[in-house]
Amino acid sequence: MSFAENEIKAEAYLRRFRVEGVANHIGGQATPSSSGATFEVISPVDLKPLAHAARGTAEDVDRAAKAAKAAFGDWAAMPGVTRKKLLHKIADAIVARAEEIAFVECMDTGQALKFMAKAALRGAENFRFFADRAPEARDGRSLRAEGQVNITTRHPIGPVGVITPWNTPFMLSTWKIAPALAAGCTVVHKPAEFSPLSARLLVEIAEGAGLPNGVWNLVNGFGEEAGKALTEHPDIKAIGFVGESGTGAMIMRQGAATLKRLHFELGGKNPVIVFADADLERAADAAVFMIYSLNGERCTSSSRLLVEASIYDRFTELVAEKARRIKVGHPLDPDTVIGPLIHPVHEKKVLEYIAIGKSEGATVVAGGVKVDGPGGGCYIAPTLFTGANNSMRVAQEEIFGPVLTAIPFADEAEALALANDVEYGLTGYLWTADVTRAFRFSDRLEAGMVWVNSENVRHLPTPFGGVKNSGVGRDGGDWSFDFYMETKNIAFATAAHAIPELGG
Ligand code: NAD
């Protein structure tokens, strides 16, 4: 489909949001905020309003939490095989509306259609993956001792809160919510205020596919209002949070009084480490993909490029050439790789970092400027800094935009020291032909996930999460169920063992 056709279709999909706004969804009903207040959602393409969303209050969160609590008993008691069928139906319904989801997501987030075209399929895959595991979610272990058999079993923890960021909201929401539902939990979802549209589609799709009312509730609004109230609500037993590290710290404080179980997927400043013996063409493609896809607004982006000194000039020039050829443009243009950044506030932050990098003495060899793109939105050219060192702010702080900072290293020891010398530890990408070094290095790299000779290729059964300031806990496979479920141990005596006779 052509860009022009995409624009017409997107407008048709967006019309309902312009007319109806983005309501909360509580107990199966679309509901306005209890205060009647709304906030404006703008498109990053032209900064014009897309919709008005309900500005959720503590009262709305309370109603949503009560709806989730009321729905919990029946949902948790539903046989896993029945839940499995229902979650597959949700996946089917997501696929059926893939185009609508993609176009709405592009216009709400600024992410390019090239990547968002697959968002619905990825989201559906998340549902199918956890659906298939629902029948076994409660299974446990049998641990034998002399005169005793222990049986562990898992139970859904209760109603949970899911708080998501604005970068790829559809995919991330499905990744967090599907395992909660498969485990037997009910959900209150608080999406990010910058891009709330696809969350509204998602809850509608789920109920349209047969999900009982109250199992999945949606409260829009600001973090310090609706988000905070959710983390403090006594009926909400756990919070699955994806967002900035600083927000995670706030949520930990907010959740303390009600002893919330917390799972955090936070920021990153992920290194891609390139040794001279690597396949440099492939390494360059992977580095470019990992920093410039999804507008660089990606927690797993490879935002630090550590390159062996002997190939530093050649390799950074290869990356710069590729970066200069990347098309920046309208998110609905099928050729666009980088769309507009989410919001003028974020664009300002990224441009400030580019200025900081220059003032720190790094050299811009690609990009470094705002682009006058279609609609006049928040476009920034893919940017590469060379001549940087690890103490610069552009090497230490998460920019969350299409900005890559390249630093040379002399040998393996220095590469490891530089890679680990940040507050974050989400992912690392290692490029070398030496398998022994690859093992030694990845073993010592402070990261929750490491890819060797590869970009980020997800395999859903593997654990996803970070160390240091990048997160607490793991998603994926059974790890997700461990978070959303309580484990109980039941010990059976298998013989008449001697019981201490205290008052006998
Ligand atoms: P953010 O922390 O500003 O907001 C995330 C969510 O938290 C939003 O819904 C927001 O409304 C809510 N929130 C804000 N303050 C809150 C509070 N006091 N209590 C409860 N909720 C509150 O993050 P963002 O700017 O939306 O997203 C970008 C960040 O997300 C980056 O740091 C990025 O690395 C991170 N991220 C991490 C992963 C991962 O898997 N590790 C994935 C995507 C994004």
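Overview of results
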| item | result |
| --- | --- |
| Surface share of carbon and sulfur [accessible, 1.4 angstrom probe, percent] for the chain | 55 percent |
| Peptide ranges 100-112, 40-52, 252-264 listed from the most packed, as the mean C-beta count within 10 angstrom indicates | 100-112, 40-52, 252-264 |
| Euclidean distance of C-alpha centroids, region 395-416 and region 441-504, integer Å | 31 Å |
| Highest to lowest packing among 290-303, 9-22, scored as the average C-beta count within 10 Å | 290-303, 9-22 |
| Estimated dipole of region 291-400 in Debye, rounded to 20 [Cβ of Lys and Arg +1, of Asp and Glu -1, Cα centre] | 40 debye |
| Principal axis dimensions, largest first and in whole angstrom, of region 271-452 by Cα | 51, 32, 30 |
| Quotient of Cα Rg and 2.2 N^0.38 Å for the chain, N being how many residues it contains | 1.03 |
| Among 27-39, 152-164, the order from most to least packed when residues are scored by Cβ within 10 Å on average | 152-164, 27-39 |
| Between region 10-53 and region 325-383, the Cα center-to-center distance that results, in Å | 27 Å |
| Cα-centre dipole for the chain with unit charges at Cβ (Lys and Arg positive, Asp and Glu negative), debye to 20 | 1060 debye |
| Estimated 222 nm signal from helices in the chain, with DSSP H stretches of n ≥ 4 weighted -39500 (n - 2.57), rounded to 500 | -12500 deg cm²/dmol |
| Exposure of F289 as accessible area (Å², to 10), given a probe of 1.4 Å and all protein chains | 80 Å² |
| Gain in span if fully extended, E486 to S142, counting 0.36 nm per residue against the direct Cα distance | 122.2 nm |
| Å² of accessible area per residue within region 271-452, as computed with a 1.4 Å probe and no ligands counted | 36 Å² |
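The values are calculated or read from the model by the stated rules, or taken from the named source; none is laboratory data. Predicted, not measured: the structure shown is a model, and the values here were computed from it. Cβ coordinates were reconstructed from backbone atoms using ideal geometry, including for glycine residues, and neighbour counts include every protein chain displayed. We work out accessible area using only protein heavy atoms, side chains counted, and drop any ligands, DNA or RNA first. Shrake-Rupley method; radii C 1.70, N 1.55, O 1.52, S 1.80 Å.
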